[in-house]
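Structure, as C-alpha cells:
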Amino acid sequence: MMCRADTVGVFQIESRAQMSMLPRLRPRRFYDLVIEVALVRPGPIQGGMVHPYLQRRQNPALVDYPKGLKGALERTLGVPIFQEQVMQVAIIAAGYTPGEADHLRRAMAAWKRKGGMDDHHGRIVGGMLERGYSAEFAETIFRQIQGFGEYGFPESHAASFALLSYASSWLKCHEPAAFLCALLNSQPMGFYSPSQLLQDARRHGVEVRATDVAVSGWESALEDDPGGAGQPAVRLGMALLRGMRGEAALRIEAARAAQAFASVADLARRADLDRHDLAVLAGGNALLALAGHRRQALWQAVGAVPERDLLRPTTPDEAAPQLAPPSEGEDIVGDYRAQGLTLGRHPLALLRPRLLENRFLPADVLAGYKNGQLARACGIVTVRQRPGTAKGVLFITLEDETGTVSVIVWPALVEQQRREVLGAALLGVYGVWQRESGVCHLVAKRLVNLSPLLGRLRTGSRDFH
C-alpha cells in the first residue's frame, strides 16, 4: 500500500512530497520507512542527499564508502541522512572530539537564526584534507551539514515517526472504517479535509452514513454492517455540521437515550433546541428521518420553536405544505454548505458530460497515460503547496469523482496566471503527463478557471507554504 503511495491520511507520509518518494524508495522493511521519513525534509533535500540515496538504492553497484566511514554510513548506503551520522563523520574524518561534534550539532540547529557555521567550515574541510580526503568530498560534506540547519532529523526521531506511520498504515489497510472515523474526530489536522478523507475511504470500500439526529452523536462513530462485509460502517457525527453547538448535541443524545423522537417539535422541546440548532440540523439533512428532505425539514424547523413574543404559538400538528424535494445538484450544494462534503455523487460526476466535450479526462483515465503524453485534467482544488525547497514551484492537487491528479506549476506560469492559480475552486489544466517510477504528475502549460461551472457550490482548499 505504501509503495503505491496509497497513504491519504497516514501520519508523516501523506504529503505530496512523501507520496512522490514512496514509489521510488519502495520501503520493504521497517528501517526503509525510517529513512523515508527522514529523507523528505528540507535538510537532506538542500544538502543534495535525496537523489544519491535513491540512485544507490536502485543500483547497489553505485554504493561506495569514503575511507573509514563505512561504519557510520553503511546503513544509509554511504549517504549521511541523520544528524548522528553527521556527527560521526565529523569525528572520524575531521578529527572532532565527541564534545566538539555535539557543539556542531547545536550549531546546525541554530545557524539559520544566529550563524556560526562559518566557524566550522575551515575546521571540517581542513581536518578532512589532513586525513587524506579530497577537497571536493570535504566541501560536499560541509554543504550537507549546512543543509541539516534547514531541518534534519535525528535517527531516533525518525524511528519514532516511522513507527507511528507504520501503525497508521496498518489501520488504514486492515481497519479502514475505524481509521476514517478516528481522523474525522480529530479534525482539523493533516493535509486533507473531511471531504477528501471520506472520498478516499469510500474508494476503499468503506460505507459512510449521513448525520441523522435519530442515531448520530457529537462525534462520528462505527455502526454494525448488516451486509456482513466484515467492516463496520461510519456514521457521521453532528460535529461535522457547520454551526452545530456541542452542548446542543449532548442534549439531543441525552433526550434520545430516554426515548426516540416522534417529531421535530418533540425533538425541539425535549432537547431544548432553538431555531439556530434546528436550522443547522435541517440544513445538514440530519432531520431526514423526522421531517423528510431538507426543504421540508427547514419548514418544520421554523414552526417547531415559536417566537417568544407571539401571542399564539404555532400548532405542531398543523399540516405542513408538501414542498418539492431539491434537485440532485441543489442537494449537493446544500451538503457542501452544511458540512463541506457530500455522500451523494461527486460534483464532477454531474459536470462530466460537459467536461468531456472539452476533453478534460477523469483521474482514473489519466492514470493510464504514458510519459510525455499531452493531457487535460479538471478538478476541485483541494491542496496548494509551495515548499521553500521547491524554488518557486507550486504543487496543486485536483479531485474529481474518480480520484486525484497532482499538478506541477512552474514559477513562470505561476506568475503569468496568478489569478487562476490562487483563485480557482475548479481548475482546468492543459499540460504534459509525467510518469516516472510509478509516480505521475501533470506538468501544467495552461490553466483555466472553470469555477463558474460549480454554480453556487462552495468548496475549500488547504494551502501550505
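Restricting attention to the stretch 208-218, the residues that are buried (at least 18 other Cβ atoms within 10 Å of the Cβ) and either at pLDDT below 95 or not small (Gly, Ala, Ser) (or both) add up to 5. Among residues of the stretch 381-392 being over 12 Å from the mean Cα position of the chain (by Cα) and within 30 Å of residue 201 (Cβ to Cβ), the one that is surrounded by the fewest Cβ atoms within 10 Å (Cβ to Cβ) is 390.
Within the stretch 136-155, is even one residue open to solvent by less than 50 Å² (accessible area, probe 1.4 Å) and modelled with pLDDT of 90 or more? Yes, the stretch 136-155 contains at least one residue that is open to solvent by less than 50 Å² (accessible area, probe 1.4 Å) and modelled with pLDDT of 90 or more.
Number of residues in the stretch 191-207 that are surrounded by fewer than 17 Cβ atoms within 10 Å (Cβ to Cβ) and assigned to a helix (DSSP H, G or I): the value is 2.
In the stretch 94-107, what residues are at pLDDT 90 or above, assigned to a helix (DSSP H, G or I) and either of a type in the set (Lys, Arg) or open to solvent by less than 50 Å² (accessible area, probe 1.4 Å) (or both)? Result: 94, single match.
Report whether or not residue 359 is assigned to a loop (DSSP other than H, G, I, E, B), at pLDDT 95 or above and within 26 Å of residue 329 (Cβ to Cβ). Taking the combined requirement at face value, the residue satisfies it. If the condition is being in a strand (DSSP E or B), of a type outside the set (Lys, Arg) and in contact (Cβ under 8 Å) with a residue 40 or more places away in the chain, then the stretch 368-395 contributes 374, 375, 377, 378, 379, 380, 381, 382, 383, 385, 395. Of all the residues in the stretch 40-51, those that are buried (at least 18 other Cβ atoms within 10 Å of the Cβ) and in contact with a Gly (Cβ under 8 Å, 6 or more places away or on another chain) number 7. Considering only the stretch 22-39, state which residues are under 20 Å from the mean Cα position of the chain (by Cα) and crowded, with 22+ Cβ neighbours inside 10 Å. Matches in the stretch 22-39: 22, 33, 36, 37, 38, 39.
Give me the residue from the stretch 329-362 that is under 18 Å from residue 404 (Cα atoms) and of a type in the set (D, E, K, R) and, out of that set, most open to solvent (accessible area, probe 1.4 Å). By that ranking, first place goes to 359. Assessment of the stretch 273-291 against the conditions (buried (at least 17 other Cβ atoms within 10 Å of the Cβ), in a loop (DSSP other than H, G, I, E, B), of a type outside the set (S, T, N, Q) and touching a strand residue (DSSP E or B) at 6+ places or on another chain (Cβ under 9 Å)) yields no matching residue.
The values are calculated or read from the model by the stated rules, or taken from the named source; none is laboratory data. Not measured: the values here are computed from a predicted model. All Cβ positions, even for glycine, are placed from backbone atoms using ideal geometry, and neighbour counts span all protein chains on display. In case anyone asks, the SASA skips ligands and DNA or RNA and just uses the protein heavy atoms, side chains included. Shrake-Rupley method; radii C 1.70, N 1.55, O 1.52, S 1.80 Å.
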